[in-house]
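Participant: My questions all concern the structure below.
The values are calculated or read from the model by the stated rules, or taken from the named source; none is laboratory data. Since the structure is predicted, the reported quantities are computational estimates derived from the model, not experimental observations. Note that we place each Cβ from the backbone using ideal geometry, even for glycine, and neighbour counts take in every protein chain shown. In case anyone asks, the SASA skips ligands and DNA or RNA and just uses the protein heavy atoms, side chains included. Shrake-Rupley method; radii C 1.70, N 1.55, O 1.52, S 1.80 Å.
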Amino acid sequence: MKVTITRAALLKPLQMISGVVERRQTFPILANVLVTVKEQSLSLTATDLEVELVGSAPLTEMSESGSITVSARKLLDICRALPDMSVLTLVLEGEQLVLRSGRSRFLLTTLPTQDFPSMDNGPFHTEFVINQDKLKKLIGKVYFAMGQQDVRHYLNGALFDINQGTMRCVATDGHRLAMSGISSIDTGDATAKVILPRKSVLELMRLLDANTDETATVNIGDNHFRVKSSDFTFTSKLINAQYPDYDKLIPRSIENTAMASREALKQALTRASILSNEKFRGIRLQLEPDTLRIMANNPEQEEAEEIIPLEYQGNQIEIGFNVAYLLDVMSTIGSDQVRWSFSDPSGGVLIEASEKDDSLYVVMPMRL
């Protein structure tokens with residue numbers, strides 16, 4: 001194997017795949033990247049056995065085909081340390097990879113390519129094309145509500161629910177729920193409900209470009225989820241479990257509805273949270289006609305109170321919440337006004353944008 005490539009061309013896919021490379025790997029080969037040169041193209045593959053990510057770079061000069069695995073971190077660190085306009089030559093000599101650039105020379109240890117694990121993808125039964133920015137925005141509206149190391153492993157991820165031209169993305173950790181949707185995508189008659197693990201969701205968020213008109217192809221199988229663009233191929237295993245019926249978690253019998261400025265709410269919640277209990281982050285909300293009172297206190301006998309105006313003509317309600325959950329929603333909703341809907345103090349609050357939006361959020365109360 002022999003290849004000549006510019007630093008910039010190699011650095012981009014290396015940085016792209018770096019998030020998948022295991023830092024505390026159980027097998028030494030998982031710390032390596034699979035470098036493959038074939039038909040004037042260089043591809044870099046990384047995996048942690050749950051996620052596989054392939055980045056590619058075109059080659060402008062004739063190269064000798066071949067493949068080898070080498071330390072991903074060391075290769076990335078060398079590329080970062082070289083001058084911007086550097087040209088690199090990579091040559092496999094015996095069991096070592098020799099990297100030359102100008103007067104610099106590096107000798108890297110390799111491991112055999114046959115030891116590098118390949119993900120068994122299996123057949124894909126669903127395929128559709130979607131704009132990268134739409135997919136990223138969809139995930140970005142719900143990902144914060146995923147569980148973290150929950151014993152109910154199916155909550156440690158996000159549900160993708162595809163049904164005849166619409167796709168919903170849902171996340172919940174049992175204390176809150178976030179749901180967003182996209183309609184008018186060409187999925188044909190396909191239907192699928194799959195759970196993508198938390199790490200995979202976050203990695204996909206990082207890969208997708210919100211500032212491009214480029215599309216990505218999504219493939220869904222019984223055990224794998226794949227997203228392919230011109231720059232990368234992302235493949236992840238799925239969580240094999242039944243996701244909760246999220247429709248049952250959405251309050252339906254709404255008795256009280258309030259409208260308020262999203263920014264005013266966010267700022268008031270942020271200020272009140274300063275004096276909330278650092279461990280439980282609890283605050284109390286008192287809803288009265290056209291007024292919301294936000295109160296917080298902590299074991300040091302410190303208190304905070306915020307009063308903001310809002311449109312509300314319902315019954316007086318006092319209810320407690322984890323302020324961090326409310327702030328996550330306020331930071332995600334894009335409209336100037338938000339609608340808060342309550343059924344009763346023991347039920348959750350339904351939060352929606354005032355404008356037409358296919359997103360909604362439910363936050364369950366907490367005892368204070």
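Participant: Please identify the trypsin sites (Lys or Arg not before Pro) of segment 274-355 that satisfy two criteria: DSSP loop assignment and at most 12 other Cβ atoms within 10 Å. Which are they?
Facilitator: Here the sparse-neighbourhood loop sites are Lys279.
Participant: Using the Karplus equation 6.51 cos²θ - 1.76 cosθ + 1.60 (θ = phi - 60°), what ³J(HN,Hα) coupling, rounded to whole Hz, does each residue of segment 131-142 give in order, writing x for Gly and Pro?
Facilitator: With the stated coefficients, segment 131-142 comes to 5, 4, 5, 5, 5, 5, 5, 4, 5, x, 7, 10 Hz.
Participant: Roughly what percent of Cα-Cα pairs across segment 249-366 reach past 17 Å?
Facilitator: In whole percent, the long-distance tail amounts to 52.
Participant: Which of the pairs Lys193/Lys356; Lys137/Lys199; Lys134/Lys266; Lys193/Lys237 have their Cα atoms more than 19 Å apart in this structure?
Facilitator: Where the Cα-Cα span goes over 19 Å, the pairs concerned are Lys193/Lys356; Lys134/Lys266.
Participant: Here's a follow-up. How many nm is it between the label spots at Lys134 and Lys199, if each spot is 7 Å from the Cα in line with the beta carbon?
Facilitator: Roughly 3.1 nm, to one decimal.
Participant: Below 8 Å between Cα atoms, with a sequence gap of 6+, how large is the relative contact order for segment 6-96 in percent?
Facilitator: Rounded, it is 34 percent for segment 6-96.
Participant: Please give the net charge around Asp133, taking every other residue with its beta carbon less than 11 angstrom from that of Asp133, where Lys and Arg add +1 and Asp and Glu add -1.
Facilitator: Net charge around Asp133: 0.
Participant: Tell me what the chain gives for mean residue ellipticity at 222 nm when only DSSP H runs of n ≥ 4 count, each as -39,500 (n - 2.57), the sum divided by the residue total, rounded to 500 deg cm²/dmol.
Facilitator: When only DSSP H runs of four or more count, the value is -5000 deg cm²/dmol.
Participant: Net charge near Ala178, counting Lys/Arg +1 and Asp/Glu -1 over other residues with Cβ under 9 Å of its Cβ?
Facilitator: +1
Participant: Roughly speaking, what is the centre-to-centre gap between segment 149-172 and segment 280-350 when only Cα atoms are used, to the nearest Å?
Facilitator: For segment 149-172 versus segment 280-350, the Cα centre distance is 27 Å.
Participant: How big is the charge dipole of segment 48-150 about its Cα centre, in debye rounded to the nearest 20, if each Lys and Arg gets +1 on its Cβ and each Asp and Glu gets -1 on its Cβ?
Facilitator: Roughly 580 debye, rounded to the nearest 20.
Participant: For segment 201-282, restrict the atom set to alpha-carbon positions and state the Rg and Dmax in Å.
Facilitator: According to the Cα coordinates of segment 201-282, Rg and Dmax are 20.3, 50 Å.
Participant: I need the P(r) histogram for the chain: all alpha carbon pairs, bin width 20 Å from 0 out to the longest distance, whole percents.
Facilitator: In whole percents, the pair-distance histogram is 26, 44, 26, 5.
Participant: A further question follows. Hand me the trypsin sites (Lys or Arg not before Pro) from segment 174-269 located in a DSSP loop with no more than 13 other Cβ atoms within 10 Å, in residue order please.
Facilitator: Arg252
Participant: How many percent of all Cα-Cα pairs in segment 1-72 sit more than 13 Å apart?
Facilitator: So the portion of pairs separated by more than 13 Å is 62 percent.
Participant: Put Asp247, Asp84 in order of accessible area, largest first, 1.4 Å probe: what do you get?
Facilitator: Asp84, Asp247
Participant: Separate question: When the Karplus curve 6.51 cos²θ - 1.76 cosθ + 1.60 is applied with θ = phi - 60°, which whole-Hz ³J(HN,Hα) does each residue of segment 358-365 get, with x for Gly and Pro?
Facilitator: Rounded to whole hertz, the list is 8, 10, 8, 9, 10, 10, 7, x.
Participant: Looking at the calculated P(r) for segment 141-245, what percent of the C-alpha pair distances fall above 19 Å?
Facilitator: Summing the P(r) of segment 141-245 above 19 Å gives 43 percent of all pairs.
Participant: Connecting C-alpha atoms closer than 10 Å in a GNM of the chain, tell me which of Gly102, Gly147, Gly334 has the biggest fluctuation.
Facilitator: Of the options given, Gly102 has the highest mean-square fluctuation.
Participant: Can you tell me how much longer the chain between Gln164 and Ala324 gets when fully stretched, taken as 0.36 nm per residue apart minus their C-alpha distance, in nm with one decimal?
Facilitator: 54.1 nm
Participant: Right, another one. With θ taken as phi - 60° and the coefficients 6.51, -1.76 and 1.60, list the Karplus ³J(HN,Hα) couplings across segment 337-347 in order, rounded to whole Hz; mark glycine and proline as x.
Facilitator: Values per residue, Gly and Pro as x: 10, 10, 10, 10, 10, 10, 9, 7, x, 8, x Hz.
Participant: With a sphere of radius 14 Å drawn around the Cβ of Lys193, what net charge do the other residues whose Cβ falls strictly inside it have (Lys, Arg +1; Asp, Glu -1)?
Facilitator: Neighbour charge sum, excluding Lys193 itself: -3.
Participant: Shifting gears a bit: Under a 1.4 Å probe, what is the accessible area of the chain per residue, stated in Å²?
Facilitator: 50
Participant: With +1 on the Cβ of every Lys and Arg and -1 on the Cβ of every Asp and Glu, and nothing else charged, how large is the dipole of the chain about its Cα centre, in debye rounded to the nearest 20?
Facilitator: 1040
Participant: Another question, if that's okay. Considering only protein heavy atoms and a probe of 1.4 Å, how much of the accessible area of segment 155-218 is carbon and sulfur, as a whole percent?
Facilitator: In segment 155-218, the share of accessible area belonging to carbon and sulfur is 41 percent.
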